[in-house]
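Here's the structure, in structure tokens; my notes come after.
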Amino acid sequence: MKTKKLVMIPGPTPVVRSIQEQMGRETAAFGDPDFVRDFTSLLDDLKSLWKTTGEVFVVAGTGTLGMEMAVANSLRAGDRVLVVSHGYFGDRFSELCSRRGIEVDVLASEWGRIVPLEQIERALASKNYQAITVTHVDTSTGVCAPVAEIGQLLRRFPDTLYIVDGVCATAAEPEYVDDMGIDILLTGSQKAFGVPPGLAILWAGPKALARRASLGTIPDYYIDFDKWLPIMHEPAKYFATPAVNLVWALKEAVRLIKEEGLENRYARHRRTARAMQAALEALGFRVLAEADHRAVTLSNLIYPSGADDAAFRRLLAEEGVMVAGGLAAYAGRMFRLGHMGNIDAHDLVATLAAIERAAVRSGIPVELGTGLAALQRELVRAAG
């Protein structure tokens, strides 16, 4: 019998049955009144849940398209941006901006640590930056940036737009656009929302919309806010064909979030992440991110000395669990485990049991049951 695969990479994440069913619906015309009503309802929910008086865009594309959309609609050649990088995806903003003739200054942390707030404040005070970019959770390091604290700091710099990459954070780590001083928040459908890949989602607060208006005509077409705003206000209009079934799938994902409660969802991610991290540490793996800044959406786990990454991940796949390898200097030294979205305790137990078995089979010295005992202990403790 074929082994069921648990996709526990940092995204795409497992898709639950009710979201799968939306993907399998008979596709409708984008002007169909029922679809228009559903799309409008989804947009209203996204603005309400993430608390902005601005706009939200749901566009066929990926998180990277959302990054480019954020930059294109807020900066022009010759502007200056401060990139706060906690890993690979923070660095990606640098290339996006440089290709547009934007001057880039980078504040990069040692992998596993954050850039201190004091360092960000000094940089902002030293020059006039038109924008700052921060990746909320960088999947290369598993570091969670202090997004709310940076937003509070930026109140002293009202001319600097705050752009947050929430691709591996949104719907799992707390993010409230206007309350946190975020001007642009972007994400993708395939991570904590638990929807298949294919949608870029971007919130633009009032200050970001004012910046877009000040730029006039921009050279970009598909990612221009001004091209999409009429569609977001009246989805029956045509600019580019929406991903109809993905929109339905995202609407179902948001329904599940509302049913659970967004704050409850944040708390669930904290409980399960801390339990998984404690369990994996009990097995002898080391979490790369420092304890105070560990993401709840994934864990980046450094092997005990002498472990064979390729052998471990091959055997883990045979056990039915797919994880991701490490990046850059941590390639071969680390694996990356996603634990976000609509996964439940059964998925966590099955994943951890598979990790224990694969570790033993690959020669990593672990005692079967140690991780599972730590997981149960932490989950019971968190439940009170």
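The values are calculated or read from the model by the stated rules, or taken from the named source; none is laboratory data. Here the structure is a predicted model, which is why all the values come from computation and not from measurement. Cβ: placed from backbone, ideal geometry, glycine included. Neighbour counts: every protein chain shown. To get the accessible areas, we keep the full protein, side chains included, count just its heavy atoms, and leave off ligands, DNA and RNA. Shrake-Rupley method; radii C 1.70, N 1.55, O 1.52, S 1.80 Å.
Summary table
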{"read-out": "Region 321-356, residues that are basic (Lys, Arg) and under 15 Å from LYS191 (Cα atoms)", "value": "ARG336"}
{"read-out": "Any hit, region 306-317, residues being assigned to a loop (DSSP other than H, G, I, E, B), at pLDDT 95 or above, closer than 22 Å to ALA373 by Cα and in contact with a helix residue (DSSP H, G or I) (Cβ under 8 Å, 6 or more places away or on another chain)", "value": "no"}
{"read-out": "Conditions (1) part of a helix (DSSP H, G or I); (2) surrounded by fewer than 21 Cβ atoms within 10 Å (Cβ to Cβ); number of the one not met by GLY284", "value": "(1)"}
{"read-out": "Output for region 73-103, where each listed residue is open to solvent by 60 Å² or more (accessible area, probe 1.4 Å) and of a type in the set (Gly, Ala, Ser)", "value": "ALA77, SER98"}
{"read-out": "From the options PRO235, PRO242, residue that is in contact with a Pro (Cβ under 9 Å, 6 or more places away or on another chain) and either buried (at least 20 other Cβ atoms within 10 Å of the Cβ) or more than 21 Å from VAL58 (Cβ to Cβ) (or both)", "value": "PRO235"}
{"read-out": "Residue match in region 332-341 (condition: touching a residue at least 60 places away in the same chain (Cβ under 8 Å), in a helix (DSSP H, G or I) and either surrounded by 20 or more Cβ atoms within 10 Å (Cβ to Cβ) or hydrophobic (A, V, I, L, M, F, W, C) (or both))", "value": "no"}
{"read-out": "First in region 349-374 and at negative phi and assigned to a helix (DSSP H, G or I), second anywhere and open to solvent by 40 Å² or more (accessible area, probe 1.4 Å) and not charged (D, E, K, R), Cβ under 6 Å, 6 or more apart", "value": "LEU352/LEU372; GLU356/LEU368; THR370/ALA282; GLY371/ALA282; ALA374/ALA282"}
{"read-out": "Counted residues, region 260-280 - those being in a helix (DSSP H, G or I) and either open to solvent by 20 Å² or more (accessible area, probe 1.4 Å) or over 19 Å from ILE302 (Cα atoms) (or both)", "value": "14"}
{"read-out": "Looking only at region 138-156, and only at residues there that are closer than 22 Å to THR13 by Cβ and not charged (D, E, K, R), the one that is surrounded by the most Cβ atoms within 10 Å (Cβ to Cβ)", "value": "THR141"}
{"read-out": "Residue tally, condition small (Gly, Ala, Ser) and over 28 Å from ARG274 (Cα atoms), over region 117-161", "value": "4"}
{"read-out": "Residues being assigned to a helix (DSSP H, G or I), over 21 Å from PRO12 (Cβ atoms) and small (Gly, Ala, Ser) - total across region 38-64", "value": "2"}
{"read-out": "Residues of region 1-37 satisfying the condition of being of a type in the set (S, T, N, Q), closer than 23 Å to MET322 by Cβ, modelled with pLDDT of 95 or more and in a loop (DSSP other than H, G, I, E, B)", "value": "THR13"}
{"read-out": "Total residues in region 104-137, condition over 20 Å from GLU175 (Cα atoms), open to solvent by less than 10 Å² (accessible area, probe 1.4 Å) and in contact with a helix residue (DSSP H, G or I) (Cβ under 6 Å, 6 or more places away or on another chain)", "value": "0"}
{"read-out": "All positions within region 177-197 that are over 14 Å from the mean Cα position of the chain (by Cα) and surrounded by fewer than 23 Cβ atoms within 10 Å (Cβ to Cβ)", "value": "ASP178, ASP179, MET180, GLY181"}
{"read-out": "ARG211 open to solvent by 10 Å² or more (accessible area, probe 1.4 Å), without any contact (Cβ under 8 Å) to a residue 40 or more places away in the chain and part of a helix (DSSP H, G or I)", "value": "no"}
{"read-out": "Scope region 288-308; condition surrounded by fewer than 22 Cβ atoms within 10 Å (Cβ to Cβ), among the aliphatic types (A, V, I, L, M) and either within 14 Å of GLY87 (Cα to Cα) or touching a residue at least 12 places away in the same chain (Cβ under 8 Å) (or both); matching residues", "value": "ILE302, ALA307"}
{"read-out": "The one condition in (1) on the phi > 0 side of the Ramachandran plot; (2) modelled with pLDDT under 95 that GLY78 fails to fulfil", "value": "(2)"}
{"read-out": "Filtered residue count, region 350-384, keeping only those that are β-branched (Val, Ile, Thr), within 25 Å of the chain's Cα centre (by Cα) and modelled with pLDDT under 95", "value": "0"}
